[in-house]
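Participant: Let me give you the structure first, and then I'll get to my questions.
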Amino acid sequence: MDQPITFLIVDDDELFCQVMERAMKRRGFEVMVAQTASDAMQLAHRHAPDYATVDLKLEESSGLKLLPELLSINPNCKAVILTGYSSISTAVEAIKLGATNYLCKPVDADEVLHALHHTSPDPDTEIAENPPSVNRLTWEHIQRVLHEHNGNISATARSLGMHRRTLQRKLQKRPVKR
C-alpha cells in the first residue's frame with residue numbers, strides 16, 4: 001500500500017487552518033494542523049511531513065525559527081512561508097533557511113500547491129511598474145531591524161530611535177501597500 005503524502009499546516013489563525021485543511025484533504029493529502037510551534041514540532045516528529053505551510057508570525061514564535069527545525073526532521077520537506085506581513089528581508093531569510101517559496105496572504109490551496117511544485121527560477125517574473133512607496137520602505141526597514149534584534153521590541157525601538165509604544169502601534173498595523 002502507498003504511503004499517504006503528509007501535509008503540515010502551521011498557523012495560529014483557526015479559520016485559515018480549517019479552510020486549508022479541508023482544501024488539502026480534498027486534494028488527497030493526509031493533513032495535520034498545528035497552531036503553535038511546539039505542536040508543529042510534535043506532529044513533525046511523529047509524521048515527518050512531505051509538505052508544509054508555515055505562518056511567518058506565530059503567536060509565540062516565528063516561522064523563520066520553526067522552519068529549520070522542521071527541515072531537520074525531514075530535509076526533503078517542501079515548505080512555504082505564508083504571511084500577511086511580507087517584507088523583502090523576511091522573504092530572503094525564508095529562502096536562505098530552506099523555504100521552497102514565500103507567499104503573501106491571502107492565499108488559496110491552488111496557489112500554495114503551485115508554489116510548492118514550481119520551484120524553478122522564472123526570469124520572466126513581472127517587475128512592478130512603480131517603486132515601493134516611502135511608507136512601504138519604512139515598514140520593511142522596521143521589519144528588518146526587528147528581525148536583526150530577534151523580535152525584541154525594546155531593542156528594535158532603541159535602534160530605530162523611537163519610543164517602544166510607537167513601534168508597537170506601527171507593528172500592529174497591516175503592511176503598507178506598495
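Participant: With respect to Arg144, is the statement that it is at pLDDT 90 or above and open to solvent by 50 Å² or more (accessible area, probe 1.4 Å) true?
Facilitator: Details: at pLDDT 90 or above: no; open to solvent by 50 Å² or more (accessible area, probe 1.4 Å): yes.
Answer is no for this residue.
Participant: In the list Glu111, Glu93, which residue meets the criterion of being free of Cβ contacts under 8 Å to residues at least 24 places away in the same chain and not aliphatic (A, V, I, L, M)?
Facilitator: Details: Glu93 fails: free of Cβ contacts under 8 Å to residues at least 24 places away in the same chain.
Among Glu111, Glu93, only Glu111 is free of Cβ contacts under 8 Å to residues at least 24 places away in the same chain and not aliphatic (A, V, I, L, M).
Participant: In addition: I'd like the full set of residues that are open to solvent by 10 Å² or more (accessible area, probe 1.4 Å) and over 24 Å from Ile5 (Cβ atoms), limited to region 59-89.
Facilitator: Within region 59-89, Glu59, Glu60, Ser61, Ser62, Leu64, Lys65, Gly84, Tyr85, Ser86, Ile88, Ser89 qualify.
Participant: So is Val107 on the phi < 0 side of the Ramachandran plot, touching a Leu at 6+ places or on another chain (Cβ under 9 Å) and not in a helix (DSSP H, G or I) or not? Break it down stepwise before answering.
Facilitator: Working: on the phi < 0 side of the Ramachandran plot: yes; touching a Leu at 6+ places or on another chain (Cβ under 9 Å): yes; not in a helix (DSSP H, G or I): yes.
Spelling it out, Val107 is indeed on the phi < 0 side of the Ramachandran plot, touching a Leu at 6+ places or on another chain (Cβ under 9 Å) and not in a helix (DSSP H, G or I).
Participant: Which numbered condition trips up Gln18, out of (1) touching a residue at least 24 places away in the same chain (Cβ under 8 Å); (2) within 29 Å of Gln143 (Cβ to Cβ); (3) surrounded by fewer than 16 Cβ atoms within 10 Å (Cβ to Cβ); (4) not aromatic (Phe, Trp, Tyr)?
Facilitator: Here Gln18 clears every test but (1).
Participant: So which of Val107, Val92, Val33 ends up being over 14 Å from Phe7 (Cα atoms) and open to solvent by 30 Å² or more (accessible area, probe 1.4 Å)? Reasoning before the result, please.
Facilitator: Working: Val107 fails: open to solvent by 30 Å² or more (accessible area, probe 1.4 Å); Val33 fails: over 14 Å from Phe7 (Cα atoms).
Of the residues listed, the single one that is over 14 Å from Phe7 (Cα atoms) and open to solvent by 30 Å² or more (accessible area, probe 1.4 Å) is Val92.
The values are calculated or read from the model by the stated rules, or taken from the named source; none is laboratory data. It should be emphasised that the depicted structure is a prediction, and the values quoted were computed from it without experimental measurement. Positions of Cβ are generated from backbone atoms using ideal geometry, with glycine treated the same way; all protein chains shown enter the neighbour counts. Ligands, DNA and RNA are excluded from the accessible area calculation, which covers all protein heavy atoms including side chains. Shrake-Rupley method; radii C 1.70, N 1.55, O 1.52, S 1.80 Å.
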